[in-house]
Amino acid sequence: MKPIRVLVGVLGMDQHELGAIGIARMLRDQGMEVIYTGCFNTPETIVQAAMQEDADVIGISSHSWEYLYYTPELLDLLKQNDLDVPVVLGGSVITDEDAGKMLDKGVAAVFGSGSIVTDMIETVRNLADGAATS
Amino acid sequence: MKENSTRSGINLSPVYGPSDSNGDYSKRFGNPGEYPFTRGTRAYSGRGWIQRELSGEGDPKRSNEQFKYLMTLGQTGLDVIGDSPTMSLMDPDHPLAQYTVGTQGVSLCRHDDYRELLDGIPLDQMSISSSSPSMFMVASLYLLAKERGVSPGVLRGSVIEWPFYSEHCSYAYKMAFDLHLRMSCDVIEFCSREMPKFHGYLEDTYFFSEAGLNAVEEAALGFVEIRHIVRTLLARGLDIDSFAPRIAILTNCSMDFYEEIAKIRAMRRIFARMMKEEFGAKDPRSQAVNIAVHTSGLSLTTEQPANNIVRGAVQTVALGLAGVSALEISTFDEGYRTPSKEAHLVGLRTQQVIDLETNINSVQDPFGGSWFMESLTDEVEARILDMVNDIESRGDPAELVSSGYFKQFFHGTMGRYHRQVHDGDVLKVGMNVHQMPAEQDTLLRDISEEKIEPLFDRVKEISAYRERRDQKPLLDSFQRLHDVVQTDENMLDAVLECTLAGATMGEIAGILRQAWGTPYDPYGHLESPLGRTQ
């Protein structure tokens, strides 16, 4: 079976990478292929990388409120490019209320601080499988 | 943390006795104020530490109001952080900055901003420390002092120099390493000449240790950087005693109570020996290093934010016992944001309660001579020195930066820390032990989750400001700066000229990059005012 390909990155001027790198390593340990794009991404660079790398899931890690603006832009840009790749958000700055808003806008899943990693892995796997069969 | 070992992995015995600590008192410790300064850099003063809290949010005016509020609460020094664009040498109207201007620190990019920021702050009395890019803080502080008729010679405070680790950890300058190192050395040299009471070189081990480093790793990487910067300054022909008295260190303080105290004691001793024995410093002030501390943001949790108040208090007690020169507590809302008004109040009051009510400052270095603490200090010191040697044996540290060695190192520690918290090796009450359902976890949550909106108006204001300036003197100053970069001259005079001509930080940084043969805007959005062919 083809391994699941997950793109992991951080947006804008947010330069807190600890969560992103931690998750990237854990996904890799699960046999997934992680394309780690680091910091200073924009919706454009994420979409471009997702296309080039044929990503099954996009994971955005956030320790800055910039995600509130960039995430809707990213979702729009994916739509414009006819790219049906689910977006997962993670980060301790994401409050329950904001998580709800992001889910309403079309984010596939949100993980705040203290989320159970096995839940995250399971979610990514299900989303990737869903994307493959849809 | 495994039972009976420190976070750095040092095994601890359940009980210590006379056989655990021996050696010559004067060689290993010395009295406070005496070489090798293990027990403190000054003889007993009973004065305690400079009490301050991290500040800076929104525009300079709002931050100035914040400073004045903190001063009414009894804060005795300023600690200013820039927002992420400012910290990364980027102006607010850069396309990548738009959604974060003023949200995680203050937005600063021109001399007028510093005028507003420090309006009404007595420059000759208040110690002003800042983690915003040193060259620009120093240039504006110097100019401001002159504008207000204050001698730059009386300015106190500090700026941080971080050429080794900033690119790969927290705030990237997107600059060639050699250029960043030169900026740092120019600032240090300028300060030691023009602002001799000001610390032009604060070695900030805090920010990179938040990448999940333990105490030994934090100190070791700090000393690798200190050593390299000192060697570079000596190679310029400077006398060690002309700048070393104004080197200070800003460390982290995690929750590993004893090890953090041992780390600070060990760092004072290592610094003293390095300066005296390796670099030949004769002035005792060159050997005695002031250590300031910012308590660990990484140790805090977004769950049950009130628990963070306890963490800050415990860390403050540790630092009071270790004897530090200044401290900031990472406040209870740190998981979400820079400190709110309420968090500032609690942070400062925590420091004041410990300082004024507990008698903590009545005795200096109370752990001195403790079988346990002395043995732990020795062990931490030995491991720090081993690690410094190990890193330096891998090659010229400057080349290790360029080859990505430290980047890999930080990625490794970040992954390790993430796993330690996940696996419960590092326990965090409320997060991975003693959790509670979200609906019950309400204490202080509303305050913690309050956001700071990005300043879209400031983006417009800075764009308009660019057009308003008299272009001729501005371009002349850019050309002069560009030329100076090609020489060995200190760049500060040319930077001062640009600053007075109305240049922004982003422009000056861009000209420096361009003169170095690298892109003016590393993100590829902006054109240089000097054009492409310079």
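The table below lists the values:
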read-out	value
Qualifying residue in region A:31-44 (condition: within 14 Å of chain B (Cβ to nearest Cβ), more than 26 Å from B:Glu210 (Cα to Cα) and either touching a residue at least 60 places away in the same chain (Cβ under 8 Å) or surrounded by fewer than 24 Cβ atoms within 10 Å (Cβ to Cβ) (or both))	yes
Matching residues, region A:96-112, being surrounded by 18 or more Cβ atoms within 10 Å (Cβ to Cβ), within 9 Å of chain B (Cβ to nearest Cβ) and farther than 16 Å from A:Tyr70 by Cα	A:Gly112
Among the candidates B:Glu147, B:Glu167, residue that is within 23 Å of B:Lys197 (Cβ to Cβ) and among the acidic types (Asp, Glu)	B:Glu147
Selection within region A:1-30 - facing chain B (nearest Cβ under 8 Å) and of a type in the set (S, T, N, Q)	A:Gln15
Within region B:2-32, tally of residues that are open to solvent by 30 Å² or more (accessible area, probe 1.4 Å) and at positive phi	3
First in region B:480-496 and assigned to a helix (DSSP H, G or I), second anywhere and among the hydroxyl-bearing types (Ser, Thr, Tyr), Cβ under 8 Å, 6 or more apart	B:Ala494/B:Ser477; B:Leu496/B:Tyr142
Subset of region B:433-451 [open to solvent by less than 40 Å² (accessible area, probe 1.4 Å) and within 8 Å of chain A (Cβ to nearest Cβ)]	none
Residue list for region A:60-84, filter: open to solvent by 10 Å² or more (accessible area, probe 1.4 Å) and more than 14 Å from chain B (Cβ to nearest Cβ)	A:Leu75, A:Asp76, A:Leu77, A:Lys79, A:Gln80, A:Asn81, A:Asp82, A:Leu83, A:Asp84
Subset of region B:237-283 [open to solvent by 20 Å² or more (accessible area, probe 1.4 Å) and part of a loop (DSSP other than H, G, I, E, B)]	B:Gly237, B:Leu238, B:Asp239, B:Met255, B:Phe279, B:Gly280, B:Lys282, B:Asp283
Any hit, region B:38-56, residues being of a type outside the set (S, T, N, Q) and in a helix (DSSP H, G or I)	no
Positions within region B:284-306 being within 14 Å of another protein chain (Cβ to nearest Cβ) and crowded, with 19+ Cβ neighbours inside 10 Å, in sequence order	B:Ser296, B:Leu298, B:Ser299, B:Leu300, B:Thr301, B:Thr302, B:Glu303, B:Gln304, B:Pro305
Test: B:Pro529 is away from every other protein chain (no Cβ under 14 Å), assigned to a loop (DSSP other than H, G, I, E, B) and surrounded by fewer than 19 Cβ atoms within 10 Å (Cβ to Cβ)	yes
Only listed residue being closer than 19 Å to B:Arg52 by Cα, in a helix (DSSP H, G or I) and hydroxyl-bearing (Ser, Thr, Tyr), chosen from B:Thr316, B:Thr331, B:Thr232, B:Thr338	B:Thr316
Failed condition for B:Glu392, given (1) touching a Lys or Arg at 6+ places or on another chain (Cβ under 9 Å); (2) under 30 Å from A:Tyr36 (Cβ atoms); (3) surrounded by 18 or more Cβ atoms within 10 Å (Cβ to Cβ)	(3)
In region B:363-421, residue nearest to the chain's Cα centre (by Cα) [restricted to those that are among the acidic types (Asp, Glu) and in a helix (DSSP H, G or I)]	B:Glu381
Qualifying residues in region B:335-350 (those that are open to solvent by 10 Å² or more (accessible area, probe 1.4 Å) and of a type outside the set (A, V, I, L, M)) - the one farthest from the other protein chains (Cβ to nearest Cβ)	B:Arg349
Cross-chain or 6+ apart pairs with Cβ under 9 Å, region B:398-421 first and more than 13 Å from chain A (Cβ to nearest Cβ), then of a type in the set (S, T, N, Q) and open to solvent by 20 Å² or more (accessible area, probe 1.4 Å)	B:Ala398/B:Thr232
Members of region B:93-149 that are assigned to a loop (DSSP other than H, G, I, E, B), small (Gly, Ala, Ser) and over 14 Å from B:Pro60 (Cβ atoms)	B:Ala97, B:Ser131, B:Gly149
Near pairs, Cβ below 9 angstrom, 6+ apart or cross-chain, from region B:230-242 (within 20 Å of B:Phe198 (Cβ to Cβ) and touching a residue at least 12 places away in the same chain (Cβ under 8 Å)) to any residue that is of a type in the set (A, V, I, L, M, F, W, C) and open to solvent by 40 Å² or more (accessible area, probe 1.4 Å)	B:Ile240/B:Leu234
Enumeration of residues in region B:87-97 that are more than 8 Å from chain A (Cβ to nearest Cβ) and in contact with a helix residue (DSSP H, G or I) (Cβ under 7 Å, 6 or more places away or on another chain)	B:Leu89, B:Asp91, B:Pro92, B:Asp93, B:His94
Only listed residue being touching a helix residue (DSSP H, G or I) at 6+ places or on another chain (Cβ under 6 Å), surrounded by 22 or more Cβ atoms within 10 Å (Cβ to Cβ) and in contact (Cβ under 8 Å) with a residue 24 or more places away in the chain, chosen from A:Val8, A:Val87, A:Val93	A:Val8
Residue list for region B:302-336, restricted to those being farther than 22 Å from B:Met436 by Cβ and of a type outside the set (S, T, N, Q)	B:Val317, B:Ala318, B:Leu319, B:Gly320, B:Leu321, B:Ala322, B:Gly323, B:Val324, B:Ala326, B:Leu327, B:Glu328, B:Ile329
Some residue of region B:81-92 being of a type in the set (Asp, Glu) and assigned to a strand (DSSP E or B)	no
Among residues of region B:159-210, those that are over 17 Å from B:Phe136 (Cβ atoms) and open to solvent by 20 Å² or more (accessible area, probe 1.4 Å), counted	12
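The values are calculated or read from the model by the stated rules, or taken from the named source; none is laboratory data. On a predicted model such as this, the values are computed, not experimentally measured, just so you know. Here Cβ is always computed from backbone atoms with ideal geometry, including for glycine, and neighbour counts include all displayed protein chains. Keep in mind that these areas ignore ligands, DNA and RNA; they rest on the heavy atoms of the full protein, side chains included. Shrake-Rupley method; radii C 1.70, N 1.55, O 1.52, S 1.80 Å.
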